[in-house]
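Here is the structure we will look at, set down as structure tokens.
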Amino acid sequence: MNVVLKVGASLASIAAGFLGKKIVDIVWKKSTGKESPNMMDADAQREQSLKQVLAFTVFSSIVMGVIQVLTNRGTQRALQKYNRNLDEV
């Protein structure tokens with residue numbers, strides 16, 4: 001596989017992770033009215049109930065899992081398209 005494609009796939013994965021984190025933080029703040037637990041300082045984190053922290057963990061895991069799957073599928077499609085174009089040449 002081309003080194004440029006490997007780097008591009010890695011960069012896409014990193015960008016998707018950052019995007020996913022932003023989405024989780026924004027949706028959490030809009031739905032609860034509070035900062036997400038990972039954005040709080042240590043004192044504020046201690047005041048969070050276990051229920052809130054678990055809910056955030058489940059929510060962020062679901063969002064990040066979906067983003068990871070979509071990123072992997074998109075990367076695989078791009079690689080297949082690239083390989084088909086190489087075969088046609």
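The values are calculated or read from the model by the stated rules, or taken from the named source; none is laboratory data. Just so it is clear, the model here is predicted, and its values are computed rather than measured. Positions of Cβ are generated from backbone atoms using ideal geometry, with glycine treated the same way; all protein chains shown enter the neighbour counts. For accessibility, only protein heavy atoms count, side chains too; no ligands or nucleic acids. Shrake-Rupley method; radii C 1.70, N 1.55, O 1.52, S 1.80 Å.
Please work out which one of (1) aliphatic (A, V, I, L, M); (2) modelled with pLDDT under 80; (3) open to solvent by less than 90 Å² (accessible area, probe 1.4 Å) is the condition Val58 fails and give its number.
(2)
Under 6 Å between Cβ atoms, which residue pairs at least 6 apart in sequence (or on different chains) link something in the range 17-40 that is under 15 Å from Thr71 (Cβ atoms) with a partner that is open to solvent by 60 Å² or more (accessible area, probe 1.4 Å)?
Listed pairs, sorted by first residue: Gly20/Met64.
Being aliphatic (A, V, I, L, M), without any contact (Cβ under 8 Å) to a residue 12 or more places away in the chain and surrounded by 12 or more Cβ atoms within 10 Å (Cβ to Cβ) is the requirement here; does Ala44 meet it? Quick ask: steps written out before the conclusion?
Working: aliphatic (A, V, I, L, M): yes; without any contact (Cβ under 8 Å) to a residue 12 or more places away in the chain: yes; surrounded by 12 or more Cβ atoms within 10 Å (Cβ to Cβ): yes.
It is true that Ala44 is aliphatic (A, V, I, L, M), without any contact (Cβ under 8 Å) to a residue 12 or more places away in the chain and surrounded by 12 or more Cβ atoms within 10 Å (Cβ to Cβ).
Can you tell which of Gln68, Gln52 is within 19 Å of Asp25 (Cβ to Cβ), in contact (Cβ under 8 Å) with a residue 12 or more places away in the chain and open to solvent by 90 Å² or more (accessible area, probe 1.4 Å)? It would help to see each step written out before you state the result.
Values: Gln52 fails: open to solvent by 90 Å² or more (accessible area, probe 1.4 Å).
None of the other options fit; the residue is Gln68.
Having 1 or more residues that are at negative phi and among the aromatic types (Phe, Trp, Tyr) is the bar; report the helices (runs of 4 or more DSSP H) wholly within the chain that clear it.
Numbers: elements: 3-32, 42-47, 50-88.
Correct list: 3-32, 50-88.
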